[in-house]
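Before any comments, here is the structure.
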């Protein structure tokens with residue numbers, strides 16, 4: 001009896017000691033990247049840095065492994081209903097609680113599904129085929145699709161689950177309308193099931209997260225995260241070199257070689273699931289910023305000329321220092337629908353391009369404004385500047401307006417730009433995602449980033465049918481057909497697929513995530 | 001005519017100020033540096049090997065060429081190397097200095113105009129006009145001027161239509177820097193005016209019925225210009241630095257038309273990767289320009305100060 005007691009005591013003090021030791025050793029990870037999350041509302045902005053931070057606080061039904069496969073997260077099993085191919089069945093994880101202690105149930109999934117389908121949600125197009133979700137019991141959810149949707153589960157890797165009770169209590173049942181400049185409670189406050197909970201947040205300055213002790217999985221190595229956006233490339237690298245931060249997510253391409261040679265710093269690189277491309281208003285009668293009375297981009301000759309003027313190899317060699325994969329289609333190589341011939345591009349031919357511009361009716365060229373973000377993609381502003389020069393050689397006088405991404409993206413969403421740079425990742429690893437957001441005519445649930453105003457009803461019908469096709473061979477053939485049309489119409493002026501580099505101090509290990517959505521819960525410290 | 005000109009030149013040569021100038025090696029050196037930089041900037045289109053503001057003439061493959069080294073792809077070689085876009089650094093500095101000087105001079109003129117006007121009115125009228133103007137000046141003095149410039153710049157950008165921003169950017173810069181700088185002129189002119197307005201020549205002019213506007217501009221103004229010129233010279237150096245700071249922060253001129261500050265911002269990104277020339281040469285040019293103008297201003301202040309003679 002006495003022995004047991006003292007054994008318990010011993011264990012207790014050992015545990016306390018272990019905890020103390022744990023607290024003393026460095027479990028804080030200071031993480032820097034180029035930009036901050038635009039909002040913490042989990043359904044407002046479908047944008048990289050925003051989702052990355054949210055993945056720490058909120059969780060999704062399924063997650064993406066670094067090899068691209070799906071992993072269970074809040075759902076433990078998922079399948080198509082054996083009797084009804086239009087219904088997806090999700091078995092939910094037991095014993096999960098939100099940060100405020102309330103239990104996670106099927107009702108929360110049903111609520112989140114309604115919220116993510118609201119018109120002000122940035123993720124609408126991902127869920128256009130989902131009609132409704134119903135809670136069968138506390139841990140089973142059925143999602144009714146408009147037709148058979150065998151690939152729908154791939155769209156759920158950024159579908160964050162919110163607590164329905166918390167959302168109602170705080171009047172955030174509807175997502176923040178970011179493009180309209182709205183704010184709501186969920187923008188600065190969170191209640192997720194994720195491995196970390198929000199401790200403090202100063203937008204654009206510093207966000208502190210601490211491990212959530214009630215989390216269902218094992219406690220991660222990193223128990224505290226200090227997230228600092230550092231927009232200046234050199235400052236970011238200096239912060240790592242001086243030991244001010246432990247991990248830099250967006251390493252400037254020019255510094256990779258230098259950091260590789262630095263003692264105490266490890267670099268990991270890998271291709272990102274993200275393409276960088278230009279797009280232009282192909283449909284309006286007249287452009288906003290051009291000095292001509294019609295729309296030059298509506299003319300196929302002008303679009304062909306621009307494709308001939310774009311020197312992708314020069315951008316790769318000089319601007320990206322070899323850290324990119326030049327390509328003609330905005331589709332990363334590991335995404336379903338990718339083909340060798342989509343990737344192929346021709347060498348620049350400035351004479352032929354200038355002749356085409358003249359042939360289109362602009363012998364003296366024309367001027368137009370190019371909108372470019374300067375803090376979102378690797379060397380985004382430098383790419384835009386380089387292209388201004390290339391287009392200048394064929395008689396296009398391009399005025400560059402580069403600004404921060406929170407000002408840039410609404411221009412595309414509100415159709416306030418004629419010509420812009422955009423980077424697009426494909427989280428579901430399927431071409432349909434590109435078509436839904438960028439090619440389909442802008443209407444409810446589709447085309448929210450179709451800034452080119454491209455509209456082809458025949459193509460729209462094909463795109464919509466992709467969501468419900470069960471014959472995967474026929475589906476792939478249809479995807480190929482759609483790509484052929486998109487490439488023939490030159491909807492995109494694609495530059496390259498981005499290559500990622502993470503730099504970290506020795507002792508921190510984090511593999512490159514193909515969607516650039518690393519989760520610090522996966523960091524190992526030694 | 002010629003006789004009068006040579007006469008006044010001789011007089012100027014023998015004046016105290018000129019004598020003082022000849023005896024100060026620092027002032028002579030600063031004047032030489034400032035003059036050559038100003039001339040180089042003014043005649044940039046003639047002197048520069050290429051026009052960096054013409055994007056069509058650039059070849060991206062020329063990018064990152066070190067100074068006086070042959071580019072591996074194009075075989076071109078540049079005295080001071082090229083930047084990340086293949087722009088010749090020397091030409092870009094010449095054009096950039098031109099832009100920096102233009103913004104600096106215009107901003108100082110704008111600040112002088114505002115400050116002298118406000119100072120004359122405040123000093124002459126006194127009373128509540130003086131109180132209001134000087135309290136506004138006090139409030140503004142309690143903020144760093146770069147913050148005020150940033151604030152004005154931000155507001156102005158919000159007011160201007162997006163497609164006008166590029167063409168208006170320079171004028172917005174000038175107004176922002178000018179507005180953040182008028183206080184010093186106003187204070188000096190006000191105090192000088194308050195002294196001058198009670199002197200007999202002003203009293204006499206008032207008695208014979210000269211209008212206040214004429215008294216202020218023809219009688220008082222010339223007598224308060226000495227200190228104003230000193231502030232203006234030092235202010236020019238500060239305005240050039242303010243422009244560089246704003247451009248460095250990325251809120252100034254568009255990246256396709258870089259000023260010295262923009263060049264330093266671009267170059268700073270390549271410091272760790274070893275392309276030092278993109279940062280170093282524009283920084284030296286800015287340093288030389290600001291320092292020489294500042295030294296001239298310092299000398300002028302001392303030379304015009306009777307107590308230091």
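Figures for the structure shown
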| read-out | value |
| --- | --- |
| Relative packing of A:219-225, A:28-34, B:144-150, which averages over residues the other C-beta atoms within 10 Å, highest first | A:28-34, A:219-225, B:144-150 |
| Within a Gaussian network of chain B (alpha carbon springs, distance under 10 Å), most fluctuating of B:103, B:136, B:253 | B:136 |
| Ascending count of other beta-carbon atoms within 10 Å, so fewest first, for B:194, A:162 | B:194, A:162 |
| Residue A:94 versus residue A:199: modelled label distance in nm, points set 7 Å from Cα along the beta carbon direction | 3.4 nm |
| Kirkwood Rh in Å, taken over chain B so that all alpha-carbon pairs contribute | 21.8 Å |
| Peptide B:248-255 - average C-beta neighbours from other chains (10 Å radius) | 3 |
| Stokes-Einstein D (µm²/s) once Rh is taken as the Kirkwood radius of chain A over alpha-carbon pairs, at 37 °C in 0.692 mPa s | 134 µm²/s |
| Exposure proxy ranking, count of Cβ atoms within 10 Å, fewest first, for A:492, B:102, A:297 | B:102, A:297, A:492 |
| Whole-number percent relative contact order across the range A:206-328, with pairs defined as alpha carbons under 8 Å at least 6 apart | 13 percent |
| FRET efficiency estimate (nearest 0.05) - Cβ-Cβ, residue B:291 to residue B:50, R0 41 angstrom | 0.90 |
| Cα-based helix-to-principal-axis angle, B:89-125 vs chain B, degrees rounded to 10 | 20 degrees |
| 222 nm mean residue ellipticity, helices alone, for the protein assembly as shown (DSSP H n ≥ 4; -39,500 (n - 2.57); rounded to 500) | -13500 deg cm²/dmol |
| Net length gained if the chain between residue A:404 and residue A:341 were fully extended (0.36 nm per residue, minus Cα distance) | 19.2 nm |
| Net length gained if the chain between residue A:471 and residue A:292 were fully extended (0.36 nm per residue, minus Cα distance) | 59.6 nm |
| Computed FRET value (nearest 0.05) for residue B:105 with residue A:185, which takes r as the C-beta separation and R₀ as 51 Å | 0.50 |
| Partner chain coverage, peptide A:386-398 - average Cβ within 10 angstrom | 4 |
| Length added when fully stretched, residue A:313-residue A:258, from 0.36 nm per residue minus Cα-Cα | 17.5 nm |
| 10 Å Cβ neighbours from other chains, averaged over peptide A:245-255 | 2 |
| FRET E, pair residue A:173, residue A:206, Förster distance 35 Å, beta-carbon r, rounded to 0.05 | 0.75 |
| Spatial separation of Cα centroids for the range A:435-506 and the range B:28-64, in angstrom | 46 Å |
| Inter-centroid distance (Cα atoms) of the range B:75-148 relative to the range B:235-294, Å | 15 Å |
| Tilt relative to chain A, helix A:106-116 - C-alpha long axis, 0 to 90 degrees, to 10 | 20 degrees |
| Distance between modelled label sites at residue B:155 and residue A:146, nm, 7 Å Cα→Cβ extension | 4.9 nm |
| Rounded tilt (10° steps) of A:380-392 against the dominant C-alpha axis of chain A | 10 degrees |
| Antiparallel DSSP beta bridges within chain A, percent to nearest 5 | 75 percent |
| Ranked A:212, A:280, A:420, criterion: other C-beta atoms within 10 Å, fewest first | A:212, A:420, A:280 |
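Read-outs: derived from the displayed coordinates by stated rules, not from any lab. This structure is a prediction, so every number in the text was calculated from the model and none was measured. A quick note on method: Cβ atoms are made from the backbone with ideal geometry, for glycine too, and the neighbour counts reach across all protein chains shown.
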